[in-house]
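Take a look at the structure below.
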């Protein structure tokens with residue numbers, strides 16, 4: 001039976017928001033997300049470079065994102081970055097719900113001068129990360145770029161998505177990293193988008209994700 005305009009309006013206006021509070025002996029983190037936002041962000045992770053990257057996700061993904069973190073930065077940024085990834089993954093899983101009517105798959109290519117990255121997402125219900133980003137330097141400023149993978153691994157594990165990240169070329173580590181986060185935001189926006197033609201259906205032959 002076709003979905004009426006009124007039914008479609010109810011489906012499309014359903015709240016897709018989440019708030020996650022994650023407290024451990026190493027970090028205290030709060031994440032608020034709205035998948036149907038406008039790109040507003042409020043970021044206070046204690047790590048300026050990470051704030052800059054999370055801003056890319058919000059603005060290019062057109063999601064509203066708040067992240068507050070108090071971590072053991074006196075040791076290093078590892079626990080804070082990883083746990084923020086975990087909390088954002090939990091928020092994504094909660095906000096997306098049962099995945100009814102979403103497009104499920106998303107992809108994006110994003111350039112920044114000499115750098116080009118590709119990100120492909122599947123809200124599959126199965127966590128998997130393929131991360132092929134040969135950073136030309138180990139750090140960007142004081143930020144350890146090894147932590148980019150740790151961020152996405154935490155996110156993938158708890159959002160239960162399949163995520164392929166490839167930096168296809170780049171000569172500047174900051175540009176490489178920024179194209180990855182911008183492409184992730186764009187791909188996330190596509191995959192999480194509600195498809196009016198698929199309203200009320202699960203995008204899987206199994207009937208569940």
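At-a-glance table
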| item | result |
| --- | --- |
| Cα long-axis angle, helix 146-159 against the chain (0 to 90 degrees, to the nearest 10) | 20 |
| Residue with peak Gaussian network fluctuation, the chain [Cα springs, cutoff 10 Å], from 102, 75, 84 | 75 |
| FRET efficiency for residue 78 and residue 19, using Cβ-Cβ distance with R0 set to 25 Å, rounded to 0.05 | 0.50 |
| Whether the stretch 96-149 is rounded, prolate or oblate, judged on the alpha carbon gyration tensor where a/c under 1.5 counts as rounded | prolate |
| Spin-label pair residue 202/residue 142, simplified geometry with 7 Å Cα→Cβ offset, distance in nm | 4.8 |
| Cα gyration tensor category, rounded, prolate or oblate, for the stretch 113-174 with a/c compared to 1.5 | oblate |
| The stretch 73-191 shape via C-alpha gyration tensor axes, a/c threshold 1.5 | oblate |
| Helix axis angle, 48-61 relative to the chain longest principal axis, alpha carbon, degrees | 20 |
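All of the numbers you see were taken from the coordinates with simple rules; none came from a lab. In this text the structure is predicted, and so the values were computed from the model without any measurement. So basically every Cβ, Gly included, is an ideal-geometry build from the backbone, and we count neighbours across all protein chains shown.
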